[in-house]
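Quick notes on the structure that follows.
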Amino acid sequence: MITTQGLKPFQHIDLQKHQFAPLYDALNIYESQQVTSFDVPGHKRGIDKSYRLNEYGIKTLRHDVNSMPQLDNFDHPTSVIKEAQSLMADLFLADAAHFLVNGTTQGIQAMLLSVCKPKDKLIVPRNVHKSVLNAMALADITPIYIVPEFDTQFGISHNVSVQTVKQTIAQHPDAKAVFVINPTYFGAASHLKEIVDLAHQHNMKVLVDEAHGAHLRFSDKLPMSSMEAGADLAATSLHKTGGSFTQTSILLVRGDEALQHKVKSVINILTSTSASYLLMSSLDLARQHLAKDGKSKIEHVLTLVDDFKAEINKVPGFHMLDETHFETTYDQYLDPTKLTIYIDHHMPISGFEVYKLLRSDYDIQMELSEPNMIMGIVSFMDNATELNTLLEALKDISKRFYRVNENDVSPMLKQLEIPEQKMGLRDVFYSEKKAIKLHDALGKVCAESLMIYPPGIPILMAGEVISQDVIDYWEFVNNQPIIKIGAENKNEIYIVEENEK
């Protein structure tokens, strides 16, 4: 676990305040009433018993309702939704919190549209999620990319250093904001408070992608959360590590009334007027559970992970990121709830193949794979049984494949250089495009963002010049047994028509 953090004491949670779930409780009251429905949705609360949607449970259908005075209104909440969001803000130490029913993608769009105007500069790490690129295209923002620290052993990018952010701010003092990932998909967290203080000294806002950090607030053994560090805005995926339904997130705001009003206005633009009460109430229940049990359960999981790490490092062919070495090498913190497991050169199979084997032979679904590693995520819901199941499977894979004399060079252990940016993201979006063979694409302007999903981190951004390194890497990943997106045909790539440039 974190050994050098020493930056944050655990901040008290008022359990008396958080014993209720106002939105969910209001839905329960509505469910108990014998209401004859002449409003939407069309399933009419499950009155037709032959409809297969009823298999999800009658409570599900009866809680899938529309806005009404009794249940508040998402666009302009004044009662139970407003109260539920206020409790969420209190728990996460924010001035305001907004429920999101279209994931952290919606939160990222809202952050950028709330803070940046067209052509504004945004300082942003190169390893951001695709949603950030799409949001920059929507808002016509000019990205100023910063290069994160790269791990040549694991073949993955970690987070950005304070020094790199400082240099970039000095080079671009007119930037409107700094965008930070906290933590990265693989668990790397920067010295966030230092970055926040540095940005604020230069009148820049700090926007945080906290998709994988909903749990950080609940242990002083974990890296600092966005609001603890004083960030202005943070999009936080409660569905990933906080226990709510898939597609639910929150947007946390720390700032004055003007910023809060702008954020709310933008969220209303981006959100359906029929926001799902099922999704919103799952956020309410997740908040209640985290307030009551989050700290004790996270502490328990961290102990289990310590035990798992000690055992997995004994298994030939596998070992996990070591926190002490990581923090010394990269001067960053590591979230131990991300099980980043390296596959060494004595294993004649790639991370992609281990990922596939775990699913096909052992019924274990990992979060993602890379050439030399696999990664799984634990949450406060996990227990020793799940971790032991994974441990035993990896022991068996080791017995099947580990070869002492194997000495293959692990593939793709270098960081791709940032290509030349020929066109802005919004310009590419509106340009004419055509598909050509990948091997003919050298030097052309890419019209799509190439990425492996998960995690959805771009290898090449739209508008950048296609290099030989990118072609080689894309050919490599397309021969791996993984889910991938970005190019519709693995042998072709979309480029911008010459006359468009």
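Table for the structure above
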read-out: Test item: Cα-centred dipole of the chain, Lys/Arg +1 and Asp/Glu -1 on Cβ, debye; value: 760
read-out: Straight-distance crosslink candidates among lysines, where the alpha carbon sits under 23 Å from K437 and sequence neighbours closer than 8 are dropped; value: K422, K484, K490, K501
read-out: For the range 135-240: relative contact order, % (alpha-carbon pairs under 8 angstrom, 6 or more apart); value: 21
read-out: Fraction of antiparallel bridges per DSSP, the chain only, in percent to nearest 5; value: 70
read-out: Among H129, P458, S237 - extreme Cα towards positive end, dipole of the chain, charges at beta-carbon; value: S237
read-out: Taking the chain and dividing mean pair separation by its residue count, relative contact order in percent (alpha carbons under 8 Å, at least six apart); value: 16
read-out: Accessible surface of E55 - all protein chains present, 1.4 Å probe, nearest 10 Å²; value: 130
read-out: Heavy-atom surface of the chain, accessible at 1.4 Å and reported per residue (Å²); value: 43
read-out: Cross-link pairs beyond the 25 Å C-alpha cut-off, checked among K121/K166; K117/K434; K309/K356; K176/K444; K8/K264; K176/K295; value: K117/K434; K176/K444; K8/K264; K176/K295
read-out: Of [x] 23.9, 78; [y] 30.3, 94; [z] 23.5, 73, the label for Rg and Dmax of the Cα atoms in Å derived from the coordinates; value: [z]
read-out: Protection proxy ranking of 67-74, 153-160 - average other beta-carbon atoms within 10 Å, highest first; value: 153-160, 67-74
read-out: Gain in span if fully extended, L442 to E194, counting 0.36 nm per residue against the direct Cα distance; value: 85.2 nm
read-out: Which of I29, L198, Y333, positive extreme of dipole for the chain (C-beta unit charges); value: I29
read-out: Mean-position separation - Cα centroids, the range 68-123 and the range 132-169, in angstrom; value: 25
read-out: Expected 222 nm ellipticity per residue - DSSP helices of 4 or more, -39500 (n - 2.57), all of the chain, to 500; value: -10500 deg cm²/dmol
read-out: Charge context of R62, other residues only, Cβ under 9 angstrom, K/R +1, D/E -1; value: 0
read-out: Lys/Arg +1, Asp/Glu -1 at C-beta; the chain dipole; positive extreme among W474, L251, S265; value: S265
read-out: Rounded to the nearest 20 debye, dipole of the range 189-268 from Cβ charges on Lys, Arg, Asp, Glu; value: 220
read-out: Among beta bridges that DSSP assigns inside the range 203-309, antiparallel share in %, nearest 5; value: 50
read-out: Only Lys, Arg (+1) and Asp, Glu (-1) charged, at Cβ; the range 230-306 dipole about Cα centre in debye; value: 120
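The values are calculated or read from the model by the stated rules, or taken from the named source; none is laboratory data. Computed from a predicted model, the values in this text were never measured in an experiment. Cβ sites come from the backbone with ideal geometry, for glycine too, and all protein chains shown count toward neighbours. When the accessible area is computed, the model is the full protein with side chains, heavy atoms only, and any ligands, DNA or RNA have been set aside. Shrake-Rupley method; radii C 1.70, N 1.55, O 1.52, S 1.80 Å.
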